[in-house]
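Participant: Here it is, the structure in full.
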Amino acid sequence: MKKLLSFFFIVVFVFNVDAQKLPNIVILATGGTIAGSAETNVQSGYTSGQVGVEILINAVPQLKDIANVTGEQISNIGSQNMSDVVWLKLAKRINELLAQDDVDGIVVTHGTDTMEETAYFLNLVVKSKKPVVLTCSMRPSTALSADGPLNIYNAVAVAGNKDSWGRGVMVVTNDRIHSGREVVKTSTTAVETFMSPLVGSLGTVNYGTINFVDLPHKVNTSETEFNVDNLSSLPRVDVIAIYEDAPGDLIKAAVDLGAKGIVTSGLGNGNLTDACIEALKYARSKGVVVVRSSRVLTGTTGRNIELDDDALGFVASLELIPSKARVLLRLALLQTSDPVKIQEYYNKY
Ligand code: DGL
């Protein structure tokens, strides 16, 4: 009997020691296809945000070999309905958890439609060097060859790796590790949809084996001046698409509806029709900050190329595509409405 008890205590002790060696990772679920379900496992139609975080975790029993995982449900929505309410709840909860000594990293499960915005927003407002990793899936949890479970496994592996510290908020999907600032959805259906077309990915993760090849290129997380602790809302910033013969009506409407900033999804190097330029002058006369970005996916939108930004009082988005430029402008407007100062933000963040 004594031998049996001793064996039992040794097993418990060893198990505890092993558990103590594993990183403590919290999975915060927001919804998306990764939590989606469909009637059959071979159909394209499905409903996202159907499956809860505990089911997502239990679908990957191998997680217990690489981390001590707990889960919280922040929301359960298709990310086309992501909102400032969820953004601020998520950011504040991440900062609360990462301030705890017994939390080593965070994984956020998220829909793919707005993950590029959420990842960049968190990259600017998380106040910790600990890893925060967003992940997703292009196929619902019920699909044949669902991509969600392995994405979750890899995301937890990255979030639990000491080498991930200080790399800003990351996105892990399809065996790639991306910077939250650089990543963008490039295909409406393909599993390999997420890319970082301007600078490439930060590295790869293959069944939990990580190979980093780069560091983030801009200031992020603990080093930024942006803080959401006391925020309950964010300034309205609208993105206006520019196209052949585009009138200025929508720009004026955005101003009259209370936009504090406008990002144009311009042509080529952020170019605009003359009618839109006139409407943006109206916006400037009302104190609205104007950021020129481009519908072109790579390259940069530079200052004073085909437009005199200095004379017009415009800001150029430089590397940031419209979806990202809007995120930065919303946070910048919490600090200043001076376009010269805001241009410095686009150089820095
Ligand atoms: N409803 C979309 C979303 O939640 C589905 C896209 C996905 O998650 O793959 O973003």
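Participant: Towards the positive end of the charge dipole of the chain, with charges on Cβ (+1 Lys, Arg; -1 Asp, Glu), say which of 137, 87, 22 has the farthest Cα.
Facilitator: Sorting the options by dipole projection puts first 22.
Participant: Could you list, in their original order, any pairs among 92/127; 252/281; 92/130; 64/89; 92/348; 3/64 whose Cα atoms are separated by more than 19 Å?
Facilitator: Where the Cα-Cα span goes over 19 Å, the pairs concerned are 64/89; 92/348; 3/64.
Participant: Looking at segment 187-264, which chymotrypsin sites (Phe, Trp or Tyr not before Pro) are DSSP coil and have at most 12 other C-beta atoms within 10 Å of their C-beta?
Facilitator: Filter output for segment 187-264: 207, 243.
Participant: Here's a follow-up. Hey, what do the phi angles of segment 204-217 turn into as Karplus ³J(HN,Hα) couplings, whole Hz, using 6.51/-1.76/1.60 and θ = phi - 60°, x for Gly and Pro?
Facilitator: Using θ = phi - 60°, the values come out as 10, 9, 10, 6, x, 8, 9, 9, 7, 10, 7, 10, x, 9 Hz.
Participant: Separate question: Tell me which GluC sites (Glu not before Pro) from segment 109-199 have a DSSP coil assignment and no more than 13 other beta carbons within 10 Å of their own.
Facilitator: 192
Participant: Quote the charge dipole size of segment 158-292 about the Cα centre in Debye, to the nearest 20; the model charges only the Cβ of Lys and Arg (+1) and of Asp and Glu (-1). Display every interim value, and only then the final one.
Facilitator: Details: 13 positive and 15 negative charges, 55 e Å.
Dipole size: approximately 260 debye.
Participant: Which percent of the accessible area of segment 168-301 is formed by carbon and sulfur heavy atoms (probe 1.4 angstrom)?
Facilitator: About 48 percent, which is the carbon plus sulfur part of the accessible surface.
Participant: Next up: Is there a quick way to get the dipole size of segment 85-162? I mean about its Cα centre, with the Cβ of Lys and Arg at +1 and of Asp and Glu at -1; what is the value in debye to the nearest 20?
Facilitator: With Lys and Arg at +1 and Asp and Glu at -1, about 160 debye.
Participant: In the chain, if the dipole is taken from +1 on Lys/Arg beta carbons and -1 on Asp/Glu beta carbons about the Cα centre, which of 75, 62, 204 is farthest to the positive end?
Facilitator: So the residue we want is 62.
Participant: Also: Evaluate the charge dipole of segment 142-200 about its Cα centre and quote only its size in Debye, nearest 20, assuming +1 on the Cβ of each Lys and Arg and -1 on the Cβ of each Asp and Glu. Don't skip to the answer; put the middle values down first.
Facilitator: Values: 5 positive and 5 negative charges, 38 e Å.
Dipole size: approximately 180 debye.
Participant: Okay, moving on. Divide by every residue of the chain the summed helix terms, -39500 (n - 2.57) for each DSSP H run of at least 4, and state the resulting mean residue ellipticity at 222 nm, rounded to the nearest 500 deg cm²/dmol.
Facilitator: -9500 deg cm²/dmol
Participant: Taking the solvent-accessible surface of protein heavy atoms with a 1.4 Å probe, what is the per residue accessible area of the chain in Å²?
Facilitator: For the chain, the per-residue accessible area is 45 Å².
Participant: Among 299, 248, 329, which residue has its Cα positioned farthest towards the positive end of the charge dipole of segment 192-336, with +1 placed on the Cβ of Lys and Arg, -1 on the Cβ of Asp and Glu, and the dipole taken about the Cα centre?
Facilitator: Going by the Cα projections, it comes out as 329.
Participant: List every residue whose amide H lies under 5 Å from the amide H of residue 240, counting only residues 5 or more places away in sequence or on a different chain, with H placed 1.01 Å from N in the peptide plane.
Facilitator: For residue 240, whose amide H was placed from the backbone, the distant partners under 5 Å are 263, 264, 265.
Participant: Among the complete DSSP H segments of the chain, which ones combine at least 24 Å of alpha-carbon extent along their axis with a mean Kyte-Doolittle hydropathy of -1.0 or more? Walk me through the numbers before you get to the answer.
Facilitator: On the way: long enough: 2-21 (28 Å, 1.09).
Those that clear 24 Å and a mean of -1.0 are 2-21.
The values are calculated or read from the model by the stated rules, or taken from the named source; none is laboratory data. These numbers were taken from a predicted model, which means no experiment stands behind them. Don't worry about glycine lacking a Cβ; one is built from the backbone with ideal geometry, like all the others, and counts go over all protein chains shown. The accessibility values were calculated without ligands, DNA or RNA, using every heavy atom of the protein model including side chains. Shrake-Rupley method; radii C 1.70, N 1.55, O 1.52, S 1.80 Å.
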